[in-house]
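Here the structure is laid out as structure tokens; the discussion comes afterwards.
The values are calculated or read from the model by the stated rules, or taken from the named source; none is laboratory data. All figures in this text were calculated on a predicted structure; none of them were measured in a lab. Note that each Cβ is placed from the backbone with ideal geometry, even for glycine, and that neighbours are counted across all protein chains shown. Protein only, heavy atoms only, side chains kept; ligands, DNA and RNA dropped before computing areas. Shrake-Rupley method; radii C 1.70, N 1.55, O 1.52, S 1.80 Å.
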Amino acid sequence: MTGTRIDLHTHSSVSDGTDAPAEVIGYAHAAGVNVLALTDHDTVAGIAEAAGALPPGLTLVPGMELSCAYRGASVHLAAYLFDAEAPELAGELRRIRDDRVERAREMVRRLREAGLEVTWDRVREIAFGGADGAGDGAREAGVVIGRPHIARAIVEAGGAADVQDAFDRWIGSGGPGYVARYALDPVRAVEAVRAAGGVCALAHPARAEGMLTGAVPEDLVERMARAGLGAVEADHPDHDEAEAGHWRGVARDLGLAVTGSSDDHGELTGHRIGARTTAPEEFERLTAPATGARPITSG
Ligand code: AMP
Ligand code: MN
Ligand code: MN
Ligand code: MN
């Protein structure tokens, strides 16, 4: 299939993207993407809406992005085609989402203590939509609250010039408003996704927040590979050419597939679906072992 454009990492408003799942599908179609994975943080709550909006010629790969904790740093895993109802994985996702709510409340408390006029109600509105206090119901609905929502509230309150500035000043790892949250160990996360019939890729390995070198340590990647990691996302808009080349080499040495993705967050990242893509043969290689779910097409 020449001309196939595959983007395996995108976000919607179900987590910290700015577009509804159906809108993400519209942007993907407009960008000429034929295979799109929706990978909201810690949730598949957007998949049904995205599936309902599929035009002919666009295939949806159900997925999510898991932020894992490793030695105080954050290692991200893109997971695909798993059974979201598998008991261990479903239990972990519920625990992660619930802790995200508690953590966001604590972050708001610290920011207010520091003098910012950020309110929990406003953060909740930005994250969960509407002013009808859908917040607690949203836990059950699987909608996920994240720091970009808090960052937008900080900007509105005049505490930062933009979202990036809010991370730099307030809520980046180690900042005055930063609070850690419950997260899986990366090797356990790979095992849990594989146990649920899914496959996974190490997301943007050159950008691991909180890691001294900025990158995921290669001995960890080896351990993740032994646990069943299928790919390395070497091509990512935040990677420069040297980093992309380096991580392609790491993937090759470990016998893993190479993926490329946009990690689009809508307005937050400047609408960049399709900005990086995955070769069809790499996609086949990554997804061949998946048994937990199937790619979805229209009709
Ligand atoms: P959380 O999962 O709530 O800890 O938030 C992490 C998310 O914040 C990431 O997935 C990115 O979308 C976003 N993010 C992390 N660091 C930055 C940064 N320095 N500037 C802007 N967005 C960021
Ligand atoms: Mn994000
Ligand atoms: Mn990420
Ligand atoms: Mn992402």
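For (1) at positive phi; (2) among the small types (G, A, S); (3) within 15 Å of ligand 2 (Cβ to nearest atom); (4) open to solvent by 10 Å² or more (accessible area, probe 1.4 Å), each residue gets a yes or a no:
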| site | (1), (2), (3), (4) |
| --- | --- |
| A78 | no, yes, yes, no |
| F82 | no, no, no, yes |
| A86 | no, yes, no, yes |
| E92 | no, no, no, yes |
| A104 | no, yes, yes, no |
| R109 | no, no, no, yes |
| R112 | no, no, no, yes |
Next on the checklist: Return the residues of the stretch 1-30 that are in contact (Cβ under 8 Å) with a residue 60 or more places away in the chain, more than 12 Å from ligand 2 (Cβ to nearest atom) and of a type in the set (A, V, I, L, M, F, W, C); say none if nothing qualifies.
Outcome noted: M1, I6, L8, V24, A28
Checklist entry - In the set G292, G260, G266, G274, which member is surrounded by 19 or more Cβ atoms within 10 Å (Cβ to Cβ), under 17 Å from the mean Cα position of the chain (by Cα) and away from ligand 3 (no atom under 16 Å from the Cβ)? => result G274
Item to check | Failed item in (1) in contact (Cβ under 8 Å) with a residue 60 or more places away in the chain; (2) outside any loop (DSSP other than H, G, I, E, B); (3) surrounded by 18 or more Cβ atoms within 10 Å (Cβ to Cβ), with R122 passing the rest | outcome: (1)
Checklist outcome for this item: Out of (1) among the β-branched types (V, I, T); (2) closer than 22 Å to R97 by Cβ; (3) not in a strand (DSSP E or B), the one T4 does not meet is (2)
Checklist entry - Can V61 be described as in a strand (DSSP E or B), β-branched (V, I, T), in contact (Cβ under 8 Å) with a residue 40 or more places away in the chain and within 16 Å of ligand 2 (Cβ to nearest atom)? => result no
Next on the checklist: Looking only at the stretch 42-54, count every residue that is away from ligand 2 (no atom under 16 Å from the Cβ) and open to solvent by less than 10 Å² (accessible area, probe 1.4 Å) and tell me the total.
Outcome noted: 1
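Per-residue answers, yes or no, for (1) of a type in the set (F, W, Y); (2) away from ligand 4 (no atom under 13 Å from the Cβ); (3) part of a loop (DSSP other than H, G, I, E, B):
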site	(1), (2), (3)
S12	no, no, yes
D19	no, yes, yes
G26	no, yes, no
H29	no, yes, no
T43	no, no, yes
A78	no, no, no
E88	no, yes, no
G91	no, yes, no
Next on the checklist: Looking only at residues that are at pLDDT 95 or above and over 12 Å from the mean Cα position of the chain (by Cα) in the stretch 1-19, which one is surrounded by the fewest Cβ atoms within 10 Å (Cβ to Cβ)?
Outcome noted: R5
Checklist entry - What is the one condition in (1) within 16 Å of ligand 3 (Cβ to nearest atom); (2) touching a residue at least 24 places away in the same chain (Cβ under 8 Å); (3) assigned to a loop (DSSP other than H, G, I, E, B); (4) small (G, A, S) that G214 does not satisfy? => result (2)
Checklist entry - Looking only at the stretch 31-41, which residues are surrounded by fewer than 22 Cβ atoms within 10 Å (Cβ to Cβ) and either without any contact (Cβ under 8 Å) to a residue 60 or more places away in the chain or within 16 Å of ligand 2 (Cβ to nearest atom) (or both)? => result N34, H41
Checklist entry - Applying the selection to the stretch 229-281, what residues are among the β-branched types (V, I, T) and either farther than 18 Å from H76 by Cβ or free of Cβ contacts under 8 Å to residues at least 12 places away in the same chain (or both)? => result I273, T277
Next on the checklist: Can you go through V190, V179 and tell me which one is part of a helix (DSSP H, G or I) and more than 17 Å from R252 (Cα to Cα)?
Outcome noted: V190
Checklist entry - Only one of (1) open to solvent by less than 60 Å² (accessible area, probe 1.4 Å); (2) away from ligand 1 (no atom under 11 Å from the Cβ); (3) farther than 17 Å from V101 by Cα is not met by A153, so which one is it? => result (3)
Next on the checklist: Can you tell me which condition Q164 does not meet? The list is (1) within 17 Å of the chain's Cα centre (by Cα); (2) within 16 Å of ligand 4 (Cβ to nearest atom), and all the others hold.
Outcome noted: (1)
Item to check | Selection status of G228, among the small types (G, A, S), open to solvent by 10 Å² or more (accessible area, probe 1.4 Å) and outside any helix (DSSP H, G or I) | outcome: yes
